[in-house]
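The values are calculated or read from the model by the stated rules, or taken from the named source; none is laboratory data. Model, not experiment: these values are computed from the prediction. Cβ atoms come from the backbone with ideal geometry, glycine included; neighbour counts cover every protein chain shown. Just so you know, the surface numbers come from the protein's heavy atoms only, side chains and all, with ligands and any DNA or RNA stripped out. Shrake-Rupley method; radii C 1.70, N 1.55, O 1.52, S 1.80 Å.
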Amino acid sequence: MTQESALYTMQTGKSVFLTGAPGAGKTYVLNQYIDYLKQYGITPAITAPTGIAASHIGGMTLHSFFGIGIKESLTQYDIENLTEKKYLWDRMKNLKVLIIDEVSMLSPKLFQSIDALLRAFKFSSDPFGGVQVILVGDFFQLPPISRSDPKRRFVFQTDVWTDLDLHTCYLNTSYRHEEDGKLLNILNEIRSGNVSEESMEYFRGRYKKMPEGNAAITRLYTHNMDVDKINAQELANISEPLKKFEAHTTGAKKWTERIFGSSLVLPNLDLKLGALVFFIKNNYEKGYINGTLGTIIDFDVFGVPIVETHDGKRIKADRMEWTFTDNDGKSMATIKQIPLRLAWAITVHKSQGMTLDAAEIDLSRAFEPGQGYVALSRIKSLSGLKLMGLNDVALKIDTHVLSVDGDMRNHSDEIYTSFDELDDKQKDEKVEHYMKFLGGSISKGKTKKAENEKAAKKAAEPKIKSFLKSKPFFEKHMSIADIAAERDISEMTIMKHLSDIMIDDSEFDISYLQPDAEIIEKVDMARENITKRKNDDDFMESGDMKLKSIFVELKEDISYDDIKLALLFLE
């Protein structure tokens, strides 16, 4: 199926399974549909089963979006509990299109739980509550993390998959590997479960053969232990000072550990000038995505790494934030860390979704069907492959996937044939009908776009500290009460602002607020008396004197505000 026909199928409101070999353009078509919906003011829910997969598409994990914590399977009690959450009601009320990327990694139990939850929220017996579902992925890649039932590892084995009546859109052109027909042919042979002797001969020709023009290449291994050992050794080989970056964390340890466990961010990161690294988060504004490779060429005056990517772009790798939210959408923990990892070696699992010019691949210890396929599909051509070894498992594909792949292809061909039979007018009518059903319009899209641009502009503006917003009013010699009224905040807060202003700018003139000399003198004497008594009850834990103690020492004759002002002039 072509990308055009796949996009059209989505635009007519059909629930779709968008699949195809790596490089076929699944993400491109998906982004086209997302942009199309936004053009009409419709915001789809963009999700994925894992934190790593979600970061590839700038979405949320399914667990976070549906507020289900770490559960895979929901009981009726769990569902009733979730339907009492107001923030989930607000979220589900507006949900019209649900996108799930990397569906091959989605467990059948979680798939069924989401179906039951949406039926409850939407008061509908239709699959997924009648919401349009766009499932994106390739079952030839790594299998789901949930493996409790070895006979039902994939979502296509569930009744929900059948009930959804999914339109399979099987993209059959690989743009990533179009420059190398040999590699594309080998990948297709792996997908068919029959790798020819000719292909094996190509592998032998790449055995321990270094790709041309690549001084440093990423190594893909199947086990974390091998990856960690290689990265540590390569870093040690660089005779530059070691720079250590410790993650800044807030929240309980159990929540921060949840973030570390579901993402690529590290609690401690060691780097050096010249280290090969890859970014572990998407930041389109700065020009990098999860998987962008580069070399550290410098550290700025604050110690932040400067990375030069392989296409010559220089990027400052400032700290980014990872957040864990609870079932009510409340932030339970955050981690701020440099969004980098050493990239001399990466596990095959973590390489999923990346595109590499060249790679050293060791599949001699492959233990899971699909590992070889994922690893080989990371590179653009066979000339970029340095193969360190293969075992019997490396090129195998799960038998369940092989058994359904032919049916999926046939179904996709049938959909494409029916698409090809329609004229442009019929296609436009079907597309317009579904958009009306969604309630979208160009005017809504323009309004939404303007709102988003305004919000983005506001977010990009330098954050002005609140006390600095009060400073111009003091420059106009306004009273505390008048400033509080003007800013619509309490006089106590304005007094705190005044104190912060004096700390920030010790030369700032506030002489017009100065109390009578007699008041200042009395406050000063009261403070001396309290200091001499050394009564612990007169002081806070920080060591600062309590205002109430001064107020009482002065027989309550001088107001708190005058005491605060007097203290400013005494300090």
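Here are some notes:
- Only Cα pairs under 8 Å and 6+ residues apart enter the sum, and on that basis the relative contact order of the range 205-349 stands at 31 percent.
- Within the straight-line cut-off of under 17 Å between alpha carbons, the lysines reachable from K564 are K496, K522, K546, K548, K555, sequence neighbours fewer than 8 places apart in one chain being disregarded.
- Using only Cα coordinates, the Kirkwood hydrodynamic radius of the range 459-571 works out to 15.4 Å.
- Gained length - E475 relative to V552, 0.36 nm times residue gap less alpha-carbon distance: 24.5 nm
- Note on S559/N224: beta-carbon distance plugged into 1/(1 + (r/R0)^6) with R0 of 60 Å gives a FRET efficiency of 0.40.
- Calculated Rg and Dmax of the range 6-105 using C-alpha coordinates, Å: 14.7, 43
- Applying 0.36 nm per residue to the separation of F539 and E4 and subtracting their alpha-carbon distance, the gain on full extension is 185.3 nm.
- D (Stokes-Einstein, µm²/s), Kirkwood Cα radius, the chain, 0.890 mPa s at 25 °C: 87
- With eigenvalues of the C-alpha gyration tensor scaled by 5 and rooted, the range 378-442, Å: 42, 18, 14
- Shape call, the range 233-389: gyration tensor on alpha carbons, a/c limit 1.5: oblate
- The angle separating the long axis of helix 399-420 from the principal Cα axis of greatest extent in the chain is about 90 degrees.
- Residue range of the chain that is longest and free of chymotrypsin sites (Phe, Trp or Tyr not before Pro) which are both DSSP loop and sparsely packed (at most 14 other C-beta within 10 Å): 368-507
- Over the chain, Cα pairs under 8 Å with separation of 6+ residues give a relative contact order of 16 percent.
- The range 476-571 - accessible surface per residue (Å², probe 1.4 Å): 66
- In Å², nearest 10: area of R258 left accessible to a 1.4 Å probe: 70
- Among the listed pairs K272/K316; K86/K448; K286/K313, those whose Cα-Cα separation exceeds 19 Å are K86/K448.
- Computed label-point distance, nm, for sites K330 and D318 using a 7 Å Cα→Cβ extension: 3.0
- For F539, the residues whose amide H sits under 5 Å from its own are K546, ignoring neighbours fewer than 5 places away on the same chain, with H placed 1.01 Å from N.
- Degrees, to the nearest 10: 560-570 long Cα axis against longest axis of the chain: 90
- Site pair A450 and N31 shows an inter-label distance of 2.8 nm when each label is modelled 7 Å from Cα along Cα→Cβ.
- Estimated dipole of the chain in Debye, rounded to 20 [Cβ of Lys and Arg +1, of Asp and Glu -1, Cα centre]: 1000
- Ellipticity estimate at 222 nm from DSSP helix runs (n ≥ 4, -39,500 (n - 2.57)) divided over the chain, nearest 500: -13000 deg cm²/dmol
- Principal-axis analysis of the Cα atoms of the chain puts helix 253-262 at an angle of about 30° to the longest axis.
- Separation of alpha-carbon centers, the range 371-437 and the range 503-566, rounded to whole Å: 75
- Accessible area, probe 1.4 Å, largest first, for residues I550, I289: I289, I550
- To the nearest 10, the accessible area of S443 is 70 Å² with a 1.4 Å probe.
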